[in-house]
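Here, each number is a calculation from the coordinates, and none is a lab measurement. In this text, all values refer to a predicted model and were calculated from it rather than measured experimentally. Cβ: placed from backbone, ideal geometry, glycine included. Neighbour counts: every protein chain shown.
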Amino acid sequence: MYNIDMDKKVCIITGANSGIGFEAAVQIADEGFHVVLACRSRERGEAALKRILDESPQRSVELMIVDMSLMSSVRKFADSVTREHGVIDVLIHNAADFDISRKKPVYTEEGIESIWATNHIGPVLLTELLLNSLKRSEEGRIITVASKGLIMKPFMKVDLYDPEFRRRRFSVSNAYYQSKKAQIIYTYHLRRRLENSPVTCNCIRVTNVKIDISRYPDVSSLMKKMYALKSKKSITASAMAGTYTYAAVSSRMRGKSGLYIDENNNPVSSGRYTCDEGVQNDVMALTFSYIPEIGNMI
């Protein structure tokens, strides 16, 4: 079922079965890459894979399963990728947990709040496990993903004492945007660590993108109306995926690292807080406390 060309550069995209991730997979495959669709659901992943190949059978793509909320699944996925692909050229952290209907925190079977696990801890662990494979590339590229919505929360900080909302009041938007702010911080942390390597790390600021509100049947009618109004000023998933593709393949991004890029492919500011090295050190110390086998190696 898979069409795999081992001579092509390899790009891994998490959450590639729908939305921006799917469109990016199509675009990057059409740029001549072999694309790994890293999906949680095998059923949805296989449907996405079939659609990609039905449209253009010569595309080099494959499906691999990973649940980014579970560190055991991330480790298993990284082992499989490393065995199959000695060199990784691009890693895009597109998968995200943001169920706008959620009223209470959800904790994984490993005991970590799901949004924090999926959107931050999982991506950090996967990056660290694949770092040697990325370093084997002539110009390995790591792409993290944040949100333009952070503009509406200029004073938000990563709660170093309660990132999982065990003691403070839960808000799905605060949980989501906290995890995205942490991803920006990780991007800058990696830029410093990888300064003398061929690997770069940049973060994409995703703007308002049209979503299928039917995916959230428990959303109130008021929320549905709000998203209908918001969608009028939103861009398509394909248009936003164009920035993923630019960051992944463009020669203009060669050697550039530590950038926060908007939907027009322009560097923008992420704010003073995320750029503070002391903040970066504190957030990464918290992050590595969840995955001590990585933290102890750095």
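Annotation for N281 and Y246: the two label points, set 7 Å from Cα along the Cα-Cβ direction, are 3.5 nm apart. Gain on full extension, evaluated as 0.36 nm per residue between S41 and V87 minus their Cα-Cα distance, stands at 14.0 nm. With R₀ set to 22 Å, the beta-carbon distance separating S289 from K76 gives a calculated FRET efficiency near 0.50.
I need to check one value: relative contact order of the chain, counting alpha carbon pairs closer than 8 Å and at least 6 residues apart, in percent.
Relative contact order of the chain: 18 percent.
A crude spin-label estimate for the pair S173 and M156, with each label 7 Å from Cα along the Cβ direction, gives 0.9 nm. Rounded to the nearest 500, the 222 nm mean residue ellipticity of the chain from helices alone is -13000 deg cm²/dmol, with -39,500 (n - 2.57) taken per DSSP H run of at least 4 residues. Short to long, the 5 Å bins of the Cα pair-distance histogram for segment 1-116 hold 2, 12, 22, 23, 19, 11, 6, 4, 1, 0 percent of all pairs. Taking each of K8/K180; K8/K50; K153/K210; K9/K181; K76/K148; K153/K233 in turn, the alpha-carbon distance tops 23 angstrom for K8/K180; K9/K181; K76/K148.
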